[in-house]
Amino acid sequence: MTVKTDVRKSLDSYRARRGEFRLVEVPPLRYLAVDGHGDPNTSPGYARALEVLYPLAYALKFASRAELGRDYVIPPLEGLWWAADMAVFTRERDKSAWDWTMMLMTPHWLGAEHVAAARESVAARKPSLPVERVRVEVLDEGLCAQTLHIGSFDAEGPVLDDLHTRFVPEQGLVMRGKHHEIYLSDPRRTAPDRLRTILRQPVGPARPERA
């Protein structure tokens, strides 16, 4: 019987507790990724990104099981979010100003040839899907600060503000890279006040002040 790999159980960086900020070391991970801009609630590009990510992810999963005898649980959806002014995430929540990259992790044992075959398979079955928008990206975040948020996405602001303006400076660190979210709940099946989301921020040492 094939054992399914589940990154939520095997990687410490996919664990977080509500009300607890902690530092984690995140290893380099490979993703299927689609870029976009604007409010995820209203942007057609956001919906299309999800429409194309999941068929590719499942095509890879089935190929892994059939060709390599290795099965795995499709990892949770993840997103990188950024803007010229980070206040649009913490206080203003101006979603129209957000840039984003939506991602699904792929196992390290699947190579470029498997991704290429998955693209061809999905394009043949669903030619309307923009498979050309999906790229493969290795994300190497290293040291990160993270916590678990339980509640609606719109209620993240105060938690992020605390993470950015209190916890990170208290550790003698500064923010770098992009705000990262990991969606442990399916918003189609979960009430907004019960959504579970890991909020992650890559960090690094603060530069020493010049004498």
### Task
Considering every residue within segment 63-71, establish whether at least one is in contact with an Asp or Glu (Cβ under 7 Å, 6 or more places away or on another chain) and among the hydrophobic types (A, V, I, L, M, F, W, C).
no
## Note on the structure
Over segment 24-37, the set of residues within 22 Å of GLN171 (Cβ to Cβ) and open to solvent by 40 Å² or more (accessible area, probe 1.4 Å) is GLU25, PRO27
### Message
Return the residues of segment 6-34 that are more than 19 Å from HIS164 (Cβ to Cβ), modelled with pLDDT of 95 or more and among the acidic types (Asp, Glu); say none if nothing qualifies.
### Response
GLU25
### Task
Please find, among ALA123, ALA49, the residue that is aliphatic (A, V, I, L, M), part of a helix (DSSP H, G or I) and surrounded by fewer than 20 Cβ atoms within 10 Å (Cβ to Cβ).
ALA123
### Query
In the set TYR58, TYR54, TYR31, which member is assigned to a helix (DSSP H, G or I) and either basic (Lys, Arg) or under 16 Å from the mean Cα position of the chain (by Cα) (or both)?
TYR54
### Query
Regarding LEU129, is this residue touching a residue at least 40 places away in the same chain (Cβ under 8 Å), under 30 Å from LYS61 (Cα atoms) and out of contact with any Ser or Thr (no Cβ under 6 Å at 6 or more places or on another chain)?
yes
### Task
Would you check if there is a residue in segment 142-165 being modelled with pLDDT under 95, of a type outside the set (Gly, Ala, Ser) and more than 21 Å from the chain's Cα centre (by Cα)?
yes
### Residue check, ARG135 without any contact (Cβ under 8 Å) to a residue 24 or more places away in the chain and exposed (fewer than 14 other Cβ atoms within 10 Å of the Cβ)
no
### Query
What are the residue pairs meeting all of these: first residue in segment 101-116, first residue within 20 Å of GLU51 (Cα to Cα) and without any contact (Cβ under 8 Å) to a residue 24 or more places away in the chain, second residue of a type in the set (A, V, I, L, M, F, W, C) and surrounded by 11 or more Cβ atoms within 10 Å (Cβ to Cβ), Cβ atoms under 7 Å, and 6 or more apart or on different chains?
none
### Task
Could you look through segment 1-23, keep only residues that are open to solvent by 100 Å² or more (accessible area, probe 1.4 Å) and in contact (Cβ under 8 Å) with a residue 60 or more places away in the chain, and pick out the one that is nearest to CYS144 (Cα to Cα)?
ARG17
### Message
Restricting to segment 139-175, count the residues that are assigned to a helix (DSSP H, G or I) and among the acidic types (Asp, Glu).
### Response
4
### Task
Read through the list (1) open to solvent by less than 80 Å² (accessible area, probe 1.4 Å); (2) assigned to a loop (DSSP other than H, G, I, E, B), then give the number of the only condition that SER128 fails.
(1)
### Task
Looking for whichever is among the aliphatic types (A, V, I, L, M) and exposed (fewer than 14 other Cβ atoms within 10 Å of the Cβ) here; the options are LEU60, LEU68. Which one fits?
LEU68
### Task
Please find, within segment 176-197, the residue that is surrounded by the most Cβ atoms within 10 Å (Cβ to Cβ) out of those that are at pLDDT 95 or above and either over 23 Å from VAL73 (Cα atoms) or of a type in the set (A, V, I, L, M, F, W, C) (or both).
ILE182
### Message
Against the conditions (1) over 18 Å from the mean Cα position of the chain (by Cα); (2) in a loop (DSSP other than H, G, I, E, B), where does PRO76 fall short? Just the number, please.
### Response
(1)
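The values are calculated or read from the model by the stated rules, or taken from the named source; none is laboratory data. If you're wondering where the values come from, they're calculated on a predicted model, not measured in any experiment. Neighbour counts run over all protein chains shown; Cβ positions are idealised from the backbone, glycine included. Remember, those area values only see protein heavy atoms, side chains included, never the ligands or the DNA or RNA. Shrake-Rupley method; radii C 1.70, N 1.55, O 1.52, S 1.80 Å.
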